[in-house]
Amino acid sequence: MKNLNKLLTKGALAALLGAGALAVASTSASAYIVCNGEGACWHTHDQYTYPTGFGVVVHPDTWHWRHHDHYVWREHEGRGYWHNGIWVTF
């Protein structure tokens with residue numbers, strides 16, 4: 001009986017740790033949409049702090065522009081922003 005209680009306690013602890021790890025992993029999978037004043041938008045997996053002079057706005061991944069807005073997707077990997085059609089790394 002003593003061994004059964006130990007086994008159940010260890011199983012419950014393992015399940016709790018597994019659920020905690022899953023919760024942390026699911027929150028780190030966020031994505032963002034970043035747009036600049038020139039109408040270019042791109043996805044990023046990290047929420048960078050862009051200086052105000054860059055003229056970019058960070059939106060949640062669920063954000064959509066309205067049908068009369070004039071945005072285009074310009075994807076690029078890495079940390080940076082689009083400026084005058086050129087990817088600028090910072």
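Only the coordinates and a few stated rules stand behind these numbers; no lab work does. Computed from a predicted structure; not experimentally measured. So basically every Cβ, Gly included, is an ideal-geometry build from the backbone, and we count neighbours across all protein chains shown.
In sequence order, the range 41-55 has phi-based couplings of 10, 8, 8, 9, 8, 10, 8, 6, 9, 7, x, 4, x, 6, x Hz under the Karplus curve 6.51 cos²θ - 1.76 cosθ + 1.60, θ = phi - 60°, and Gly or Pro positions carry x.
Fewest neighbouring Cβ atoms within 10 Å first, the residues E75, E38 line up as E75, E38.
Stretching the chain fully between E38 and V72 yields a gain of 11.3 nm (0.36 nm per residue, less the alpha carbon separation).
Please compute the length gained on full extension between T52 and T89, using 0.36 nm multiplied by the number of residues separating them and subtracting their Cα-Cα distance.
This chain segment gains 11.8 nm when fully extended.
Can you list residues from other chains, or at least 5 along the same chain, whose modelled amide H is less than 5 Å from the amide H of H76? Here the answer is H43, since their amide H atoms fall under 5 Å of that of H76.
Restricting the calculation to Cα atoms, the range 32-89 shows an Rg/Rh of 0.92 when the hydrodynamic-style radius is the Kirkwood one.
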